[in-house]
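Worksheet: the structure to be examined is printed underneath.
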Amino acid sequence: MNSTIRILGGNSNKPLTQSICSLLGTTPGEAKVSTFSDGETAVEINESIRGKDIFIVQSTCPPTNEHLMELLVMLDAVKRASACRIAAVIPYFGYARQDRKATGRTPISAKLVANLLAVAGAHRVLTVDLHAGQIQGFFDIPVDNLFAKPVMLDHIKENYAEDLVIVSPDAGGVERARAYAKPLQADLAIIDKRRERANLSEVMHIIGDVKDKKCLLVDDMVDTAGTLTNAAKALKEAGAKKVSACCTHPILSGPAIDRINNSMIEELIVTNTVPLRGAAAQCKKITVLSVAPILAEAIKRIYENGSVSALFM
């Protein structure tokens, strides 16, 4: 890559930053991101970036607020160091689920984060599988919402050849599930559920034929895994031969790993937009695929003023 591009990484996902740089034939920029004793974020850019195109790779995964603040401070640092163009590469965009006023007197935090990124200095945002595509409209700067689907499809085609049914865990995910079912020439099923409160769901009934089928649940993220494990149980009770799941962002908070280990799910396919830590990294049911090739190609095209939309085909 030309010397006028630099890729910097925060502390949220250093392995992904390194993978992207390796694919682009460069090394991560010299950015030191640390914390003062009182908890404030400290950033030092230890090389000249004047006039260069800067890509900052940082997922806003748990601890979400800490990683978000790191990203904002890094954006401010490179802006004040006279960088030419600044792109925030956010493989997992946190706060995306707070994209509307679900009840009275609540914030739209996804819009707030969009404003913060632009004010801090981002000229564009590159992300993967936004929880809701409409969040792109919260920004007044360009947003490229890439999809992990090509990476997922390669794995699915190799391991789930026959009798496959793609299952949406809720009505809101039908479009996503259909996008997987069409290229795989698989049937589609939908789980109708009722959510009593946040992070708690109850499966109601299944729309579609899953008896004696290999069922693959498709979602954009897995947080506490309540939705997935309840859905897997319902599919098994409906006669499914095998139940697996694929989710782009493995948040895996709270009781998620215990639930997955004790569930009917045989394999959970995820990507490295969020790094696995602790028990999640040891879970034998989880298969991790890399989105580094997709992000690296997008970064290359943005830098060369090429077409990013061609990646959505």
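Computed from the coordinates by the stated procedures, all read-outs in this text should not be read as laboratory data. Only a predicted model underlies this, so the values are computations on that prediction, with no experimental measurement involved. Cβ placement follows ideal geometry from the backbone for every residue including glycine, while neighbour counts extend to all protein chains displayed.
A few remarks follow.
- A Förster radius of 30 Å, combined with the Cβ-Cβ distance separating residue 30 from residue 115, puts the computed FRET efficiency at roughly 0.55.
- Note on the chain: with a GNM built from Cα contacts shorter than 10 Å, the maximum mean-square fluctuation among 227, 106, 27 falls on 106.
- Estimated from helices alone, the mean residue ellipticity of the chain at 222 nm is -9000 deg cm²/dmol (sum of -39500 (n - 2.57) over DSSP H runs with n ≥ 4, per residue).
- Rounded to whole Hz, the Karplus (6.51, -1.76, 1.60) HN-Hα couplings of the range 92-108, x for glycine and proline: 10, 8, x, 6, 5, 6, 9, 9, 6, 8, 5, 9, x, 6, 10, x, 10
- Between residue 207 and residue 44, the simple label model (points 7 Å from Cα in the Cβ direction) yields a spacing of 5.8 nm.
- Full extension of the chain between residue 141 and residue 81 yields a length gain of 19.5 nm, computed as 0.36 nm times the residue separation minus the alpha carbon distance.
- Of the trypsin sites (Lys or Arg not before Pro) found in the range 199-286, those that fall in a DSSP loop while having at most 15 other beta-carbon atoms within 10 Å are 211, 241, 277, 284, 285.
- Taking amide H as placed 1.01 Å from N in the peptide plane, residue 193 has its amide H under 5 Å from the amide H of 171, 204, each at least 5 places away in sequence or on another chain.
- Additional length obtainable on full extension of the chain from residue 184 to residue 37, 0.36 nm per residue less Cα span: 47.7 nm
- Proxy reagent accessibility, fewest Cβ within 10 Å first, across 89, 151, 288: 288, 151, 89
- Loop trypsin sites (Lys or Arg not before Pro), the range 17-59 (other Cβ atoms within 10 Å of the site Cβ: 13 or fewer; DSSP): 50
- Taking Cα centre as origin and charging only the Cβ of basic (Lys, Arg, +1) and acidic (Asp, Glu, -1) residues, the dipole magnitude of the chain rounds to 260 debye.
- Violating pairs (Cα-Cα greater than 20 angstrom) within the set 182/300; 157/233; 157/242; 233/285; 52/149; 193/236: 182/300; 157/233; 52/149
- Projecting label points 7 angstrom from Cα along Cα→Cβ for residue 289 and residue 311 puts them 1.6 nm apart.
- The peptide list 109-118, 266-275, put in order of mean Cβ contacts within 10 Å with the highest first, becomes 266-275, 109-118.
- Cα-projected label distance for residue 100 with residue 233, points at 7 Å along beta-carbon direction, nm: 2.8
- In loop segments of the range 154-184 as defined by DSSP, there are no trypsin sites (Lys or Arg not before Pro) with at most 16 further C-beta atoms inside 10 Å of their C-beta.
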